[in-house]
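Heads up, the thing below is written out as structure tokens.
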Amino acid sequence: MKRRNSKLVWFCKVAMMAALMIALHAFNMAMIPTGWGAQLTFDCLIVVVATMAIDMKAGLIMSLLFGSISAYMGITTGSQDPIVFAPILNASPFLIILVAVLPRLCIPLVMTGVQKLVQKTGLNKHVQRILTAVSGSLTNTVLFLTLAFIIRSLVGIPAEQMPVVLAWVGSSALINGGSEAVMTAIAAPPVVAALEKVK
């Protein structure tokens, strides 16, 4: 009976997080403009919390949902970005799906490795959570931008567009990636601590 209850609690936690992610997008609350050109997205934060508070399997499920939503948005709105995503979309919608899904599936894998490493350091539990959470956010930023740039390059970048593409990568990494890393470092640890108490 106890094992059955633990499975039910696991399922309820994952379902709750999936519902939250879908609801944020349904009500256009998943992305919040910061006012300086960046947008804070909550999808990666939910993946981070699922991985830390539940397990890697839950993190992978939420990563797949994150990537699927991102792929849908890329296919439906990618044509509005003539510099990066429109050329990729024109080459093949599959490439958009690859850029959207593959980096996100790596988030819980990297986080699990980092979590095991920081647990051996003897650092404060809260610091361990911060380092693990930030590793997930940075994994998302670095791998997504790297893969997007690689595929955009393979599709072909005219010489006159290269500075614009590089500027997009740099600004996205520093502004969006930096903002999301800070948000994750602040928000994830207390949420994880609260969810860990729910058995």
To the nearest 20 Debye, how big is the dipole of the chain about its Cα centre, given +1 on the beta carbon of each Lys and Arg and -1 on that of each Asp and Glu? 1240
Where does helix 178-196 land angle-wise versus the long Cα axis of the chain, in degrees 0 to 90, nearest 10? 20
Going by how many other beta carbons lie within 10 Å of each one, how would you line up 180, 160, fewest first? 160, 180
Hey, fewest Cβ within 10 Å first, where do 77, 41 land in order? 77, 41
Extension gain residue 55-residue 187, at 0.36 nm per residue separation less the Cα-Cα distance, in nm? 45.7 nm
Among 134-145, 110-121, how do they line up by average Cβ neighbours within 10 Å per residue, starting with the highest? 134-145, 110-121
Can you give me the angle between helix 43-53 and the longest principal axis of the chain, using Cα atoms only, in degrees from 0 to 90, rounded to the nearest 10? 30
According to a simple spin-label model (label point 7 Å from Cα along Cα-to-Cβ), what is the distance in nm between residue 173 and residue 161? 2.1
For residue 40, which sequence-distant residues (separation of 5 or more, or a different chain) have an amide H within less than 5 Å of its own amide H, given hydrogens modelled in the peptide plane? 32, 34
With only helices counted (DSSP H, runs n ≥ 4, each -39500 (n - 2.57)), the per-residue ellipticity at 222 nm for the chain, to the nearest 500, works out to -26000 deg cm²/dmol
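Under a point-charge model restricted to the Cβ atoms of Lys and Arg (+1) and Asp and Glu (-1), what is the dipole moment magnitude of region 90-199 relative to its Cα centre, in debye to the nearest 20?
560
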For the chain, the count of lysine pairs 8 or more apart or interchain whose alpha-carbon atoms are under 15 Å apart comes to 8
In sequence order, what are the phi-derived ³J(HN,Hα) couplings for region 10-20 according to the Karplus relation 6.51 cos²θ - 1.76 cosθ + 1.60 with θ = phi - 60°, rounded to whole Hz, with x for glycine and proline? 4, 4, 5, 4, 5, 4, 5, 5, 5, 4, 5
Alpha-carbon radius of gyration plus Dmax, which is the widest Cα pair, for region 2-196 in Å: 17.4, 63
Given points 7 Å out from each Cα along the Cα-Cβ axis, report the residue 5 to residue 109 separation in nanometres with one decimal. 3.6
For the chain, whose charge dipole is built from +1 on Lys and Arg Cβ atoms and -1 on Asp and Glu Cβ atoms, the candidate among 54, 121, 9 with its Cα farthest towards the positive end is 9
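Bear in mind these aren't lab numbers, they're just calculated from the coordinates by the rules spelled out. What you see is a predicted model; the values in this text were computed from it and never measured. Virtual Cβ from ideal backbone geometry, glycine too; neighbours counted across all protein chains shown.
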